[in-house]
1. Condition first: open to solvent by 50 Å² or more (accessible area, probe 1.4 Å), part of a strand (DSSP E or B) and out of contact with any Asp or Glu (no Cβ under 6 Å at 6 or more places or on another chain). Now tell me which residues in segment 30-64 satisfy that.
2. Residue under question is residue 95, and the condition is that it be in contact with a strand residue (DSSP E or B) (Cβ under 9 Å, 6 or more places away or on another chain), surrounded by 14 or more Cβ atoms within 10 Å (Cβ to Cβ) and in a helix (DSSP H, G or I); does it hold?
3. Please go through segment 1-11 and pick out each residue that is touching a helix residue (DSSP H, G or I) at 6+ places or on another chain (Cβ under 7 Å) and either free of Cβ contacts under 8 Å to residues at least 12 places away in the same chain or not in a helix (DSSP H, G or I) (or both).
4. Which of (1) open to solvent by 80 Å² or more (accessible area, probe 1.4 Å); (2) under 27 Å from residue 113 (Cβ atoms); (3) at pLDDT 95 or above; (4) outside any strand (DSSP E or B) is the odd one out, the single condition residue 27 does not satisfy?
5. Please give the number of the condition residue 13 fails out of (1) within 16 Å of residue 79 (Cα to Cα); (2) open to solvent by 80 Å² or more (accessible area, probe 1.4 Å).
6. Is it the case that segment 72-82 has a residue that's under 16 Å from the mean Cα position of the chain (by Cα), aliphatic (A, V, I, L, M) and within 21 Å of residue 4 (Cβ to Cβ)?
7. Filter segment 12-34 for residues that are in contact (Cβ under 8 Å) with a residue 24 or more places away in the chain and more than 13 Å from residue 82 (Cα to Cα) and give the result.
8. Within segment 68-92, work out how many residues are modelled with pLDDT of 95 or more and surrounded by fewer than 13 Cβ atoms within 10 Å (Cβ to Cβ).
Amino acid sequence: MKYLFLLYADEGGFPAPGSPEFKAQNDAYGAFFEEVNGRGLFQAGDPVQPSSTAATVTVRDGQTAEAEGPAKPGGEQVIGFYVLDVAGHDDAVALAAKVPAAAHGRVEARPILVM
């Protein structure tokens, strides 16, 4: 069963590039990737650029409107995603707890609707 894992964190709380904390964070994400990829669960995933690069688009009464920034400004923002093929809900929750973002932000695990 495929699940989408949305990773949320406060973008202002990231360690500075080149710092020991930055390396430790990258190593933690690398270890998670190695685990899920090694188990054949990894389908897709990437970090995303800062929320300041986002565009939020709505269409109402046929009119398209674009707002700069994320759909929900302030607080935690989406920092990345994974698509993993897991056994089910319990496996998804167990894996979400291993994503480094769960320790400093949160991870939303949601089944992908198969049509």
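1. Within segment 30-64, 42, 46, 47, 58, 59, 60, 63, 64 qualify.
2. The answer is yes for residue 95.
3. Once the filter is applied, which keeps residues that are touching a helix residue (DSSP H, G or I) at 6+ places or on another chain (Cβ under 7 Å) and either free of Cβ contacts under 8 Å to residues at least 12 places away in the same chain or not in a helix (DSSP H, G or I) (or both), segment 1-11 yields 3, 5, 7, 8, 9.
4. Unmet condition: (2).
5. (2)
6. Yes: one or more hits.
7. 13, 25, 28
8. Residues flagged as modelled with pLDDT of 95 or more and surrounded by fewer than 13 Cβ atoms within 10 Å (Cβ to Cβ) within segment 68-92 amount to 4.
The values are calculated or read from the model by the stated rules, or taken from the named source; none is laboratory data. Predicted model, so just to flag it, every value in this text is computed and none were measured. Heads up, the Cβs are rebuilt from the backbone with ideal geometry, glycines too, and the neighbour counts pull from every protein chain shown. For accessibility, only protein heavy atoms count, side chains too; no ligands or nucleic acids. Shrake-Rupley method; radii C 1.70, N 1.55, O 1.52, S 1.80 Å.
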